[in-house]
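Peer 1: So that we are looking at the same thing, I have put the structure below in structure tokens.
The values are calculated or read from the model by the stated rules, or taken from the named source; none is laboratory data. Bear in mind the structure is a predicted one, so any value in this text is a computation, not a measurement. Using ideal geometry, Cβ is built from the backbone for each residue, glycine included, and neighbour counts are taken over all protein chains shown. All accessible areas refer to the heavy atoms of the entire protein, side chains included, with ligands and DNA or RNA removed. Shrake-Rupley method; radii C 1.70, N 1.55, O 1.52, S 1.80 Å.
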Amino acid sequence: QVQLVESGGGLVQPGGSLRLSCAASGITFRFYSMGWYRQAPGKQRELVAIISTSGTTNYDDSVKGRFTISRDNAKNTAYLQMNSLNAEDTAIYYCNAKKLTTTYWGQGTQVTVSS
């Protein structure tokens, strides 16, 4: 059974930081590209950042320079370090694992940026 379990979300003040984690089980983690997506209320789910099996990263323009995606294949875990958070970053953040046509999603973790 494949599971992607996100953690690390919460309430943070503007300008603050959070680190999200995505722990994977049931897959050969190192063969999957990993991504973080987010969905704000009333909006479509959007890509935030992805990291390939070789470690190549890509970011949405809105988070470049503020967010960092990483992975630890030994721990079957992907991370999203989020700095300089603002209200527009408020959303449910979802972890995604993809290999060819196979995709898995986590259940999501809420991130709320508010004073």
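Peer 1: With a 1.4 Å probe and all protein chains kept in place, how do 105, 36 rank by accessible area, largest first? Display every interim value, and only then the final one.
Peer 2: Values: 105 110, 36 0 Å².
The residues order as 105, 36, largest area first.
Peer 1: If packing is taken as the average count of other Cβ atoms within 10 Å, what order do 70-77, 19-26 fall into, highest mean first? Write down the numbers at each step before the final one.
Peer 2: Working: 70-77: 14.9, 19-26: 17.8.
Answer by packing, highest mean first, reads 19-26, 70-77.
Peer 1: Below 8 Å, C-alpha to C-alpha, sequence gap of six or more: please give me the relative contact order for the chain in percent.
Peer 2: Working: 280 pairs, mean separation 41.6, N = 115.
Normalised by residue count, the contact order of the chain is 36 percent.
Peer 1: Want the number for residue 61 to residue 83: 0.36 nm per residue separation, take away the alpha-carbon distance, what's left?
Peer 2: This chain segment gains 6.5 nm when fully extended.
Peer 1: Sticking with this one: Could you give the nm distance between label points at residue 99 and residue 31, where each point is 7 Å from its Cα heading toward the beta carbon?
Peer 2: 0.3 nm
Peer 1: Roughly how many Å² of residue 31 are accessible to a 1.4 Å probe, to the nearest 10?
Peer 2: 110 Å²
Peer 1: Does the range 21-64 come out rounded, prolate or oblate, given a ≥ b ≥ c as the square roots of the eigenvalues of its C-alpha gyration tensor, rounded meaning a/c under 1.5 and, failing that, prolate meaning a/b above b/c? All intermediate terms of the calculation are to be shown ahead of the outcome.
Peer 2: Working: a/c = 3.22, a/b = 1.53, b/c = 2.11.
Oblate, because a/c is 1.5 or more while a/b does not exceed b/c.
Peer 1: Now for a separate question. Sum up the lysine pairs in the chain that clear both bars: alpha-carbon distance under 24 Å and a spacing of 8 or more or different chains.
Peer 2: Lysine pair count for the chain: 5.
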